[in-house]
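Student: So that we are looking at the same thing, I have put the structure below in C-alpha cells.
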Amino acid sequence: QVQLVESGGGVVQAGGSLRLSCAASGRTFSSYNMGWFRQAPGKEREFVGTISRSGSSTWYADSVKGRFTISRDNAKNTVYLQMNSLKSEDTAVYYCAASRKYISGSYSNDYDYWGQGTQVTVSS
C-alpha cells in the first residue's frame, strides 16, 4: 500500500508559478506510474498529467500542455508538478495518485491510491 501526501499549494497571481510535491510512503514508489488530477468547485475531477515509473515518459492534458511539467525523484519517493503561467481556470484542489497498471492514462480508475489534495488558487 502507498500513502501519498501533497504539499506546495497556495495562492498565486495569474501568470505566476507554483511547484507541488507529492511524497509517497513505502519502498516500492518506483513501481508505480504517478498521476496528477485536479477538481475545481462544482466540477468533476479532471486529469492533469502522468509520469511513467522511470520518469522517462510524461503525458499531459491539452489544457496544461506547455505550462505544466511533471517530474519524479525515485530516490526521494517524490513526484512534482511544476506549474507555470498559471491562469484563474487552474484554480482547483490538486491530487496526486499512484497506479499499479503497466500503462496508466487519464482515467481516475487507472489509479489505485490517492492523496488528500492541496488547494491551488490563482487570483486574477
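Student: For the stretch 64-124, what Kirkwood radius comes out of the mean inverse Cα-Cα distance, in Å? The partial results should precede the final answer.
Tutor: Values: mean 1/r = 0.0755 Å⁻¹.
For the stretch 64-124, the Kirkwood estimate is 13.3 Å.
Student: Also: Could you run the Karplus curve 6.51 cos²θ - 1.76 cosθ + 1.60 with θ = phi - 60° over the stretch 49-61 and give me ³J(HN,Hα) per residue in whole Hz, x for Gly and Pro?
Tutor: x, 9, 9, 6, 4, 7, x, 7, 10, 9, 8, 10, 5
Student: Return the single residue from Gly15, Gly55, Gly42 with maximal mean-square fluctuation; model: Gaussian network over the chain, springs between Cα atoms under 10 Å.
Tutor: Gly42
Student: Right, here's the next one. How much length would be gained if the chain were fully extended between Ala40 and Gln82, taking 0.36 nm per residue of separation minus their Cα-Cα distance, in nm to one decimal? Write down the numbers at each step before the final one.
Tutor: Working: separation 42, 0.36 × 42 = 15.12 nm, distance 1.84 nm.
Here the segment from Ala40 to Gln82 would lengthen by 13.3 nm.
Student: Report, largest value first, the span of the C-alpha coordinates of the chain along each principal axis, in whole Å.
Tutor: Principal-axis extents of the Cα atoms in the chain, largest first: 41, 25, 25 Å.
Student: So, with +1 on the Cβ of K and R and -1 on the Cβ of D and E, and no other charges, what is the size of the charge dipole of the chain about its Cα centre, to the nearest 20 debye? Display every interim value, and only then the final one.
Tutor: Working: 13 positive and 9 negative charges, 57 e Å.
Here the size comes out at about 280 debye.
Student: Pairs on different chains or at least eight residues apart, Cα atoms closer than 25 Å: how many lysine pairs in the chain fit? Don't skip to the end; give the middle numbers.
Tutor: On the way: Lys43/Lys65; Lys43/Lys87; Lys65/Lys87; Lys65/Lys101; Lys76/Lys101.
Going through the chain pair by pair, I get 5.
Student: Moving to a separate point now. If you count only protein heavy atoms with a 1.4 Å probe, what accessible area per residue comes out for the chain, rounded to a whole Å²?
Tutor: Working: 6460 Å² over 124 residues.
Spelled out: the 1.4 Å probe surface of the chain, per residue, equals 52 Å².
Student: Per the 1.4 Å probe, what fraction of the accessible area of the stretch 65-124, in percent, lies on carbon and sulfur atoms? The partial results should precede the final answer.
Tutor: Values: 1400 of 3040 Å².
Ligands and nucleic acids excluded, carbon and sulfur give 46 percent.
The values are calculated or read from the model by the stated rules, or taken from the named source; none is laboratory data. Not measured: the values here are computed from a predicted model. Positions of Cβ are generated from backbone atoms using ideal geometry, with glycine treated the same way; all protein chains shown enter the neighbour counts. We work out accessible area using only protein heavy atoms, side chains counted, and drop any ligands, DNA or RNA first. Shrake-Rupley method; radii C 1.70, N 1.55, O 1.52, S 1.80 Å.
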